[in-house]
Amino acid sequence: MASLDPASFPERIGRYELLLPIGNGGMATVYLARQEMLGGVHRDVAIKLMHAHLRGDPDWATHLLAEATLAARIRHPNVVQVVEVGDDREGMFIALEYVQGDTLAGLLRMARQRGEQVPLPIAGRILLDSLAGLHAAHELKDDDGQPLQLVHRDYSPQNILVGTDGMARLTDFGIAKARGGERTATGILKGKIAYMSPEQALGDPLDRRADVWAAGVVAWEVLAGKRLFGKQDDVRGLLKLLNETPPRLTDARPDIPQQLDDVIANALSKDLDRRTPTAAQLAKQLREAWQTIGGVAEMNDVAAYVTELTSSRLEQRTEQVTRVRSLRRRMLNVSQAAIELASEPHTSSSSVAVASPEAEDAQTLVRAAADPADPPPADAVWEASTGPKRSRRPLWLGAAALTLVGLAAIAVTTRTAPTDATATDATPAPSASAATAARTTSHPNAVASSAPSIAAPSVDLAAEPTAAPTTAVRRTPAPRSTTKKRSGRTGTVPKGGLAPSPFKK
């Protein structure tokens, strides 16, 4: 699950409402998002949004666009489909088909936590599906019908999505390379060392057989229930890859038939001429060898297994989405109530009831989405009243409410200010009492008792100061004045004394 600062979690990207972060990579964060359509119809998608610190770099934008260009060309049921590519003020994004389920890596981890392995028929179906998607990518052609010679370069359990519909799909073409594409700089390795072919590690020219090696590693690990070269995904793993011959599958699992062991060994040959040439041929050989251990499962069997493993996690995700959308609706209602109060200055604030969670907000919910082990507190309902009400709500929410109150105060002040407070330069100078009254009216304290208000949680103004609302007053030059001391105060009084107050009847 992605760990993300809630402050950088936008509510909308293009026409999509972002709901939860569900994945994180080196170039982008993936969000569960929703597109609302007519008649209450909606569609969930996955939004891949570039990291904030990379948005100013045109090279990364080029990489993301190149990924979308390649992935959008592939039309195959075992490849995650591209829905849209767009540019937003939050950065460039790709809208992808949302697969409800988990990655193959996630399924392997959950099965291991239960003290078991993924059943062989289920594993066989997942491998065959992903190889079908990989072969479709390898066969991709340009607009002139010429092969693009695409190499995925990151075929791994993390990039194989297995849905509750029983179908596996290949995703993430972020470092895929095609004919005429950008050349990788010397000394730069792209991909996961654990699934990297020897020629890829050495920086040699690549073709589809590099992905066949990666598929052989995935098949070996799924059947053996452990990593091929251990957990070293660094220099030590790289040295093992280059200097050691991959162990045979039967060394880790003696009950595996020899035919299946041979098929995987051919995919893991360091000799390119002896390695299985295509993903389609590897899939055919695996299907035949799988018959010796009972054959591969049907799609509905995979669907039932994935649903069983992921049901609790998916239910939790659904609950989090519901809470996020509910909170956003409540905040919208508060804003609308404030606007209505600003247009009706005589409404009593004590008659307004606002429903809102007591101790949770958007940031709390996003943290909960990032860390399911720390769920948000329960919802509560509070009513606004004329007296202060303490709350543990974050300072930004209180400041927002105070800002709304300030807007209401400005609206009332503007309507109740005397007309000579906005006189033009051609208007005669007002009397001293009128000017004093105008200054008194423009002060924010002058309307504190009459302006409608929304009771909000107490805010530490020292920690987060909020500017008091003011009313702009345009005055003409006043005559020279003298200074007098009245009632213990020193003020400026025009010559000739004080004029009668315009507010006295």
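What the table below lists for this structure:
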item	result
Residue check for Asp211: part of a helix (DSSP H, G or I), modelled with pLDDT of 90 or more and over 28 Å from the mean Cα position of the chain (by Cα)	yes
Residue match in the range 146-155 (condition: crowded, with 21+ Cβ neighbours inside 10 Å and over 23 Å from Arg208 (Cα atoms))	no
Index of the failed condition, Asp271 passing every other in (1) exposed (fewer than 14 other Cβ atoms within 10 Å of the Cβ); (2) touching a residue at least 12 places away in the same chain (Cβ under 8 Å)	(2)
Some residue of the range 53-63 being of a type outside the set (Asp, Glu), on the phi < 0 side of the Ramachandran plot and modelled with pLDDT of 90 or more	no
Gly180 being modelled with pLDDT of 95 or more, out of contact with any strand residue (DSSP E or B) (no Cβ under 9 Å at 6 or more places or on another chain) and small (Gly, Ala, Ser)	no
Residue, surrounded by the fewest Cβ atoms within 10 Å (Cβ to Cβ), within the range 201-231, restricted to residues that are free of Cβ contacts under 8 Å to residues at least 24 places away in the same chain and at negative phi	Pro205
Selection within the range 91-107 - touching a helix residue (DSSP H, G or I) at 6+ places or on another chain (Cβ under 9 Å) and either buried (at least 18 other Cβ atoms within 10 Å of the Cβ) or within 13 Å of Thr171 (Cβ to Cβ) (or both)	Gly91, Met92, Phe93, Ile94, Leu96, Gly101, Asp102, Thr103, Leu104, Ala105, Gly106, Leu107
Pro246 without any contact (Cβ under 8 Å) to a residue 24 or more places away in the chain and of a type outside the set (S, T, N, Q)	no
Subset tally (residues that are buried (at least 18 other Cβ atoms within 10 Å of the Cβ) and closer than 21 Å to Lys190 by Cα) for the range 64-78	6
Test for Leu70: is it closer than 24 Å to Arg179 by Cα and not small (Gly, Ala, Ser)	yes
Test: residue in the range 39-46 that is in a helix (DSSP H, G or I) and over 27 Å from Gly191 (Cβ atoms)	yes
Failed item, numbered, when Arg109 is tested on (1) touching a Lys or Arg at 6+ places or on another chain (Cβ under 7 Å); (2) over 19 Å from Gly294 (Cβ atoms)	(1)
Filtered residue count, the range 235-271, keeping only those that are touching a helix residue (DSSP H, G or I) at 6+ places or on another chain (Cβ under 7 Å), charged (D, E, K, R) and under 17 Å from Ile193 (Cβ atoms)	1
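Residue by residue, here is whether (1) touching a strand residue (DSSP E or B) at 6+ places or on another chain (Cβ under 9 Å); (2) hydroxyl-bearing (Ser, Thr, Tyr); (3) at pLDDT 95 or above; (4) at positive phi holds:
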site: Pro247; (1), (2), (3), (4): no, no, no, no
site: Ile256; (1), (2), (3), (4): no, no, no, no
site: Val263; (1), (2), (3), (4): no, no, yes, no
site: Ser269; (1), (2), (3), (4): no, yes, yes, no
site: Arg274; (1), (2), (3), (4): no, no, yes, no
site: Ala280; (1), (2), (3), (4): no, no, yes, no
site: Ala283; (1), (2), (3), (4): no, no, yes, no
site: Arg287; (1), (2), (3), (4): no, no, yes, no
site: Ile293; (1), (2), (3), (4): no, no, no, no
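The values are calculated or read from the model by the stated rules, or taken from the named source; none is laboratory data. Here the structure is a predicted model, which means the values were calculated and not measured. Every residue, glycine among them, receives a Cβ derived from its backbone with ideal geometry; neighbour counts consider all protein chains shown.
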